[in-house]
Amino acid sequence: MQPLIDHARLAPQRQAGHRTGGAPTPAPRAMFIACSDARLVPTELTGARPGELFELRTAGNVIPPHRIGRLTAEAATVEYAVNVLRITDMILCGHSQCGAVQARTRSQAPRTAPTMWLWLLQTHHWRRLNAPEANPGADPGHLHLLAQADKLRRYPAVTRSLRSGRLRMHLWYYDVSTATVSAYEESGVFAPL
């Protein structure tokens, strides 16, 4: 813990060049939605400076389905980013070696994390997406990412903004072992960024 404390103590000196003094902080133009996995660091991956990315991190990068009257932190965060901050780009980023995806594909609940298992069950269409006959040889991490994007597109604020062309959605996949990023293309494949 001490190295983290020491690093935090030096934050004012490291961030001195990024602060704007009395000037208003620019609103982020992009939202980055990713797994909570510590190996994926959005600002390091994108080179974004403080204030440039609005981040949402969830265990397993799970986006709960939108339901009227059901309050979730994810829905509130997405709505705020789209309607208040008026972001123009939304990056949904999955990653390799995701423990949540691995647990979900094996259908094994971690005994010490029953709440996590229930959270993972919110990954809809998993059986259809993970069926070998439907997607032979498909990467489970890619399929998981596509399922989350499908749910995200159903959030009213996202739906409206995508239709109007005010918002663009990008699906990225980070390979933990190589630090490379691929992006989902209209042709239905993930290609190097």
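The values are calculated or read from the model by the stated rules, or taken from the named source; none is laboratory data. As the structure is a prediction and not an experimental result, all values here were calculated from the model. Cβ placement follows ideal geometry from the backbone for every residue including glycine, while neighbour counts extend to all protein chains displayed. Please note that ligands, DNA and RNA were not included when accessible areas were found on the heavy atoms of the full protein model with its side chains. Shrake-Rupley method; radii C 1.70, N 1.55, O 1.52, S 1.80 Å.
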Inset, instruction - Could you work out how far apart the two model spin labels at E55 and E185 are, taking each label as a point 7 Å from the Cα in the direction of the beta carbon, and quote it in nm? - result: 3.0 nm
Inset, instruction - Run the accessible area of segment 137-193 with a 1.4 Å probe and give the carbon-and-sulfur part as a rounded percent. - result: 52 percent
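Quick one: length gained pulling D139 to R153 fully straight, 0.36 nm per residue minus the C-alpha distance? Please report the intermediate quantities before stating the final value.
Working: separation 14, 0.36 × 14 = 5.04 nm, distance 2.14 nm.
Separation in residues times 0.36 nm, less the Cα-Cα distance, equals 2.9 nm.
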Inset, instruction - For L4 paired with Q97, estimate the spin-label separation in nm (one decimal), with each label point 7 Å from Cα along the Cα-to-Cβ line. - result: 2.0 nm
Inset, instruction - Calculate, in nm to one decimal, what R166 and V41 gain on full extension: separation in residues at 0.36 nm each, minus their alpha carbon distance. - result: 42.4 nm
Legend entry - Using a Förster distance of 35 Å, the FRET efficiency for A27-L193 (Cβ separation, nearest 0.05): 0.90
Inset, instruction - Work out the FRET efficiency for L85 and D175 from their Cβ-Cβ distance, taking R0 = 35 Å, and round it to the nearest 0.05. - result: 0.75
Legend entry - Three semi-axes of the equivalent ellipsoid, segment 59-111, Cα gyration tensor, whole Å, largest first: 27, 16, 7
Inset, instruction - Between R106 and Q13, take the C-beta separation as r, use R0 = 35 Å, and let me know the FRET efficiency to the nearest 0.05. - result: 0.15
